[in-house]
Amino acid sequence: MAYSDKVIDHYENPRNVGSFDKGDNSVGTGMVGAPACGDVMKLQIKVNPETGVIEDARFKTYGCGSAIASSSLVTEWVKGKTLDEAAALKNSIIAEELALPPVKVHCSILAEDAIKAAVQDYREKQTQGQPA
Ligand code: FES
Ligand code: FES
């Protein structure tokens, strides 16, 4: 199948590949798998605890070109966003930006699920150990 130029660009020059320390309190980690194909995506955010703004992001994706491109795009997009803004990201925006064909839309859903899981993980960490 033909990939769009943007998918190829993010696939050949993926942004923000790597990992943060999972145990770091300012880091949120989202790890999700795609039931449709078995691909796995790990997406991490680094948050400024003072402002609640995402300062940096990393990903590792074991998957197809569209999944890699979707996660690369999301790590760029979330920088400078608040947690609420990141959690509200819709996969349709990713799919549109990358011009994903219908069979590849689940790859962008993986990226949406991963960023949501990362935000949730960060939030759960902040409430841990604090008086109820
Ligand atoms: Fe698994 Fe995309 S179907 S790589
Ligand atoms: Fe399954 Fe892309 S994540 S084909």
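The values are calculated or read from the model by the stated rules, or taken from the named source; none is laboratory data. Small disclaimer: the values here were computed from a predicted structure and weren't measured. All Cβ positions, glycine included, derive from the backbone under ideal geometry; neighbour counts span all protein chains shown.
Restricting attention to the stretch 19-39, the residues being among the small types (G, A, S), more than 14 Å from Y62 (Cβ to Cβ) and away from ligand 1 (no atom under 16 Å from the Cβ) number 4. Kindly establish whether A2 is loosely packed, with under 13 Cβ neighbours inside 10 Å, more than 13 Å from I115 (Cα to Cα) and either hydrophobic (A, V, I, L, M, F, W, C) or touching a Leu at 6+ places or on another chain (Cβ under 7 Å) (or both). Against the criterion (loosely packed, with under 13 Cβ neighbours inside 10 Å, more than 13 Å from I115 (Cα to Cα) and either hydrophobic (A, V, I, L, M, F, W, C) or touching a Leu at 6+ places or on another chain (Cβ under 7 Å) (or both)), A2 qualifies. The helices (runs of 4 or more DSSP H) found entirely in the stretch 1-96 that carry 3 or more residues being in contact with a strand residue (DSSP E or B) (Cβ under 7 Å, 6 or more places away or on another chain) are 65-78. For V74, the conditions (1) crowded, with 20+ Cβ neighbours inside 10 Å; (2) under 18 Å from K22 (Cα atoms) are fulfilled apart from (2).
Within the stretch 26-57, work out how many residues are modelled with pLDDT of 95 or more, farther than 13 Å from S70 by Cα and surrounded by 13 or more Cβ atoms within 10 Å (Cβ to Cβ). Residues flagged as modelled with pLDDT of 95 or more, farther than 13 Å from S70 by Cα and surrounded by 13 or more Cβ atoms within 10 Å (Cβ to Cβ) within the stretch 26-57 amount to 16.
On inspection, L100 passes the criterion of being within 14 Å of ligand 1 (Cβ to nearest atom), crowded, with 17+ Cβ neighbours inside 10 Å, at pLDDT 95 or above and more than 12 Å from the chain's Cα centre (by Cα). Output the qualifying pairs, or none if there are none: Cβ atoms under 8 angstrom, residues six or more apart or on different chains, first residue in the stretch 104-120 and over 10 Å from A87 (Cα atoms) and of a type in the set (D, E, K, R), second residue outside any helix (DSSP H, G or I) and within 9 Å of ligand 2 (Cβ to nearest atom). Taking only residues 6 or more apart or on different chains, the pairs are K104/C64. From the list V74, V47, the lone residue that is within 16 Å of ligand 2 (Cβ to nearest atom), among the aliphatic types (A, V, I, L, M) and touching a residue at least 40 places away in the same chain (Cβ under 8 Å) is V74.
Every residue, every condition in (1) in contact with a helix residue (DSSP H, G or I) (Cβ under 7 Å, 6 or more places away or on another chain); (2) not charged (D, E, K, R), yes or no:
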site	(1), (2)
K79	no, no
L83	yes, yes
I93	no, yes
E96	no, no
K104	yes, no
S108	yes, yes
I115	yes, yes
Q128	no, yes
